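A short write-up of the structure that comes next.
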Amino acid sequence: MKYYLIALALLFLLTACDNELNLTAEKEETSVVFGLLNPSDTAQYIRVERAFIDPNVSALDIAQIPDSIYYQDLDIKLVKLSEDISYDLEEVDGNVEGYIKDDGAFAQSPNTLYKIKTDDLGWFDEEDYEDEIYELRIKTNENDTAITSQTLIAEKPSLTRPKTGSSLAFSAISDPLIRWLEKESLKIYDVRIKMYIKQQDLTTGEGFVDTTLIWDVAKNVRDKEVVIPYQNFFLFLRSELKEDPDIRRRFIDMDVELYGGGEEMDNFVNVLQANLGITSSQEIPIYTNMSDGLGIFSSRNEDISTEVRISPVTIDSLYNGSITKDLNFQ
């Protein structure tokens, strides 16, 4: 019996998810690559791992051996094609960088990633990367031929509603609307809301403690707006916070985050969705835009409206409504 495993935890889309890619043809080894360039981040990271088939050893056993899932002495570069400028990426441990690998079949440490600081790419504002195509070039110690892929750097999306310092109303009168401008290089979007709350445990006599809740409002949106059913706001809070009469809470404000993804990410999601459904085979198809091996290299960008308040009618429902009245907001 032959065992196979692809050593890659893909993150989607534009925020985070895990996907496993399955081989359809037997190969002893192939490369698996994942990279999303984001000019709004302070650093760019690329993951490169091995997919393999071993006729004698269980993949679950091999997955616990870091030397089996990572390459040694990898040569990895980003190339700005318009000027043929090459940038080397350095090997780092994602666990040290703050990107802790999830528990699972694969060895959790080290969590090898390849990094370059965004400033080292010269991306200080939009004109530094607008309409630029970057190529990823990877040479492994097993193959002298470079694995390559290209992506157009995604434009910065532009939220038009809500704007920084404005408010959103979650009420039965009208569901709140998140809206943005259409951008040519952005094909697919995620919307996320960060809620900032203060909580005080009355039994300790200590002051309020800051709490942040992250709400993934919508994923894989191809339109330029999202309507949020107003009840979802209160249901989310109810699911994240426990009822406790000894905990007093204050709702401060929110950040509304919009993530826009490039064409490759849109293609990736399209391929996955094409064969997932009640009449499908339920087999996840392969999508790759690498010249060899498997994986995806694309780009995304983000816009954030900060200090977004909730309206007075929302505050009243938060305090007194049937869904959240026992959460003790004051």
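Computed from the coordinates by the stated procedures, all read-outs in this text should not be read as laboratory data. Computed from a predicted structure; not experimentally measured. As a convention, Cβ positions derive from the backbone with ideal geometry for all residues, glycine included, and neighbour counts pool all protein chains shown.
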Run through all the Cα pairs of segment 179-330 and give the fraction in each 10 Å bin from 0, expressed as whole percent. 9, 30, 26, 19, 13, 3, 0
Note to self: C-alpha centroids of segment 126-203 and segment 215-251 sit apart, in Å, by 19 Å
Which length gain, in nm to one decimal place, applies between residue 73 and residue 173 when the Cα-Cα distance is subtracted from 0.36 nm times their residue separation? 30.0 nm
So how much slack lies between residue 304 and residue 243, counting 0.36 nm per residue of separation and subtracting their Cα-Cα distance, in nm? 18.9 nm
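If the chain between residue 222 and residue 311 were fully stretched, how many nm would it gain, using 0.36 nm times the residue separation less the Cα-Cα distance? The partial results should precede the final answer.
Working: separation 89, 0.36 × 89 = 32.04 nm, distance 2.81 nm.
Result for the pair: 29.2 nm of gain on full extension.
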Considering amide H positions built from the backbone, and no H for Pro or chain starts, which residues 5 or more places from residue 43, or on another chain, come under 5 Å of its amide H? 118
Pop out the ³J(HN,Hα) list for segment 172-180 in order, Karplus 6.51 cos²θ - 1.76 cosθ + 1.60 with θ = phi - 60°, rounded to Hz; leave Gly and Pro as x. 5, 5, 7, 6, x, 10, 9, 9, 8
Ordered by packing density, taken as the mean number of other Cβ atoms within 10 Å over each peptide's residues, highest first, how do 206-212, 292-298 rank? 292-298, 206-212
Approximate spin-label separation residue 87-residue 119, in nm, with each point projected 7 Å along Cα-to-Cβ: 1.3 nm
Give the Rg (one decimal place) followed by the Dmax (whole number) of segment 169-268, computed from C-alpha coordinates and expressed in Å. 17.1, 54
If I take R0 = 56 Å and measure r between the Cβ atoms of residue 99 and residue 320 in this structure, what FRET efficiency does the formula 1/(1 + (r/R0)^6) give, to the nearest 0.05? 0.85
